[in-house]
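The structure under discussion appears below in the form of structure tokens.
What follows draws every value from the coordinates through simple rules; no lab data is involved. Just so it is clear, the structure is predicted and the values come from calculations on it, not from any experiment. Glycine also receives a Cβ, built like all others from the backbone with ideal geometry; neighbour counts cover every protein chain displayed.
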Amino acid sequence: MQPNGNPSDTSQLLKGVLDLAVLAVLADRDSYGYDVLRQLRESGLDGIGDASVYGTLRRLYQAGALKSYVVPSDAGPHRKYYGLNDRGRIALDQSTKTWGSFTRALDHLLNGRSTANAR
Amino acid sequence: MPDSNPANDVASYAAAVRSALSPLPAAEREILLEDLENHLTEVASESEVSLEERLGKPGDYAAELKLAYGAGGDARSASRHTRFRDRGAALLKTVAGDLPYRDVRALLPELAPGWWVLRAYLAVLILAFIFRRGTNLSPLPNPFSSSGLLQIVVTLVAIGVSIRLGRRAMPINRWWRGGVIGLNVAIALLALPVLASMGTGNNTYEYSSDPYISSAAAGSYPGITNIYPYTRDGKPLKDILLYDQDGRPIVPDTTDLIVDVPKGADGLPIPNAYPLSEHQPNGDPVVPPRVALPPVQPSAPAASPTPTPSP
């Protein structure tokens, strides 16, 4: 069995928490789409598709959770930077709590199973 | 060939994604794809490999985009904020979901006297609103207004009557019972528009009462698109970096403007250097406002007479 699980399992799991992951990346500093993707991948979430991140950013922006501004770049195209606004911070706080209680519950459940299997 | 020239590759890939999303309403598609070309150019610049090899077929890319954006369902007709609010509400429900309903129910009898007082006050407020239609309704009772005494007396009498009625047992007769409940509901509902019209003002700060986050702390200032700092003696300042009380850069809401954001030595943008250099999407520069600076007190003690009032 692979140490990191089945890649398609991972990407299924990621879909549900992509909002939270993107908000968490933007909580550190404002960033543009491709950079958000890079940061997610650097933190180990490499099952995420480019289109998912881009689509999530656009949706969060449309939903009023992100602010956005354009930064001209001398080398390449203009970059659209995104950052958290009030709504985004509130959503991040709330989702963080929900995520915490969810993972605690699931950890508890899975640990219970693994000790039962070991016996 | 798609991958012979990166610019052509981006253009043809983007066009294919656009056409795959053509069933979406045009306005929504444009909002979703507004930045796609720039984004793809960014992706393409990272490697020599063609976009299709890196990102998959444009059709698949479009499908993933649509899924992540949540387009194509009923939600897409929702207004800009409602979808997000629904998600917030769902999250809140998850968090508050284990608050037992029965505990709340058990509290209701204890809360009733509070409602008796409140409904009396709201009824007076509704009457006051009806009888002074047009002008702004200020909080009641207002002892400094011409009818201040009347307002206080009417409010107190209404509260007394309401409590007396509340302490009586609910009528047995079904019609009376329905009438009493209906009247309570009507007062509660009618009070909403009246309270909303009282003009305490600023709905943009609706989240500021949240205990762990205030509007200012998040560095977002609705309605402010730029800041023009001046010295006390009236000289306009440039390149002023502003931070809030938590050390976060203050970034205004420049959604509809293009901002030339300067960059630091590390290449990262500095979005809080004021005044921001802004221009309209059509290229017109944003003209700084004319400001009325307060008069300056002369520094020399033996100055000529000034209009400053003496203490």
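Quick look at the values:
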{"read-out": "Whole-Hz ³J(HN,Hα) from phi, Karplus 6.51 cos²θ - 1.76 cosθ + 1.60, for region B:60-67, glycine and proline x", "value": "5, 4, 4, 5, 5, 4, 5, 5"}
{"read-out": "Hull volume in cubic angstrom per residue (convex hull over the Cα atoms of region B:26-68)", "value": "71 Å³"}
{"read-out": "Cα Rg, Dmax (largest Cα-Cα span) when computed across region B:217-291, Å", "value": "12.8, 36"}
{"read-out": "Built amide H within the under 5 Å cut-off of residue A:73, gap 5+", "value": "A:78, A:79"}
{"read-out": "Shielding by partners - mean other protein chain Cβ count within 10 Å, residues of A:29-38", "value": "4"}
{"read-out": "Relative contact order [Cα under 8 Å, 6+ residues apart], region A:7-118, whole percent", "value": "26 percent"}
{"read-out": "Largest-first principal axis extents of the Cα set of region A:7-118 (Å)", "value": "59, 29, 20"}
{"read-out": "Pairs from A:67/B:235; A:80/B:238; A:80/B:66; A:67/A:97 whose Cα-Cα separation, in the structure shown, is over 26 Å", "value": "A:67/B:235"}
{"read-out": "Built amide H within the under 5 Å cut-off of residue A:64, gap 5+", "value": "none"}
{"read-out": "Whole-Hz ³J(HN,Hα) from phi, Karplus 6.51 cos²θ - 1.76 cosθ + 1.60, for region A:58-73, glycine and proline x", "value": "5, 5, 4, 5, 4, 7, x, 8, 10, 9, 8, 8, 9, 10, x, 10"}
